[in-house]
């Protein structure tokens with residue numbers, strides 16, 4: 001599903017005409033609102049971290065010693081419970097040393113914002129249903145239909161979570177926490 005199809009799906013759910021091939025989103029007021037709701041819903045959902053946008057990356061300091069975080073990263077995690085890394089002012093910050101300066105690269109788990117057109121189907125559907133509900137509440141606000149639309153969002157979320165579970169490595173024994181619990185040597 002591409003973003004234009006998603007916008008048209010939401011417009012139809014609001015009883016509005018879909019965009020023609022020649023229509024620009026920026027030229028139609030309701031389409032602009034729907035486009036914004038779609039972007040907001042996508043960011044909120046992707047920030048949860050899914051199999052397609054959460055990955056381990058090595059981040060390198062620039063010549064000044066700062067590790068600058070790209071705007072496409074929704075979150076950066078040090079990767080383990082002992083790491084004291086966090087993001088401040090779009091730069092990596094070490095809470096232990098109270099410094100932004102690094103001499104070596106740092107391996108982190110990042111959650112990346114990706115373009116709508118690259119989302120897997122179930123994730124895209126979850127975003128569309130969520131944006132559709134929010135657009136409906138903001139534009140029409142008929143409380144009788146909101147529960148029905150909220151049910152559609154929950155169903156889309158379940159499908160996206162199922163797809164995520166099928167695509168993620170669920171080996172809990174590989175996790176650091178679990179291996180520490182299983183390590184009986186005490187070393």
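Which value results when the Cα radius of gyration for the range 54-112 is divided by 2.2 N^0.38 Å? Before the final figure, lay out the partial values.
Numbers: Rg = 10.3 Å, N = 59, 2.2 N^0.38 = 10.4 Å.
So the Cα radius of gyration is 1.00 times the expected 2.2 N^0.38 Å.
By how many nm would the segment from residue 147 to residue 104 grow when fully extended, if each residue of separation counts as 0.36 nm and the alpha-carbon distance is taken off? The partial results should precede the final answer.
Details: separation 43, 0.36 × 43 = 15.48 nm, distance 5.17 nm.
Stretched out fully, the residue 147 to residue 104 stretch lengthens by 10.3 nm.
Fewest to most neighbouring Cβ within 10 Å: what's the order for 50, 90?
Working: 50 22, 90 11.
Listing 50, 90 from fewest to most nearby Cβ atoms yields 90, 50.
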Subject >> Nearest 10 degrees, 0 to 90: helix 3-13 Cα axis against the chain principal axis >> reply: 50 degrees
**OP:** Averaging sequence separations of C-alpha pairs under 8 Å and six or more residues apart, then dividing by the length of the range 41-133, give the relative contact order as a whole percent.
**Re:** 39 percent
**OP:** Rounded to whole Å and sorted largest first, list the principal axis extents of the Cα atoms in the chain.
**Re:** 64, 43, 28
Original post:
What FRET efficiency do you get for residue 87 and residue 162 if R0 is 41 Å and r is their Cβ-Cβ distance, rounded to the nearest 0.05?
Top reply: 0.85
Subject >> Top of 98, 55, 86 by mean-square fluctuation, Gaussian network on the chain, Cα under 10 Å >> reply: 98
Subject >> Cα extents of the range 1-76 along the three principal axes, largest first (Å) >> reply: 52, 26, 17
**OP:** Order by neighbour count: 42, 36, 157, fewest other Cβ atoms within 10 Å first, most last.
**Re:** 36, 157, 42
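Quick note: the coordinates plus some simple rules give every number you see, no bench work behind them. Please read all numbers here as calculations on a predicted model, not as lab measurements. Methodologically, a virtual Cβ is constructed for each residue, glycine included, from the backbone with ideal geometry; neighbour enumeration extends over all protein chains shown.
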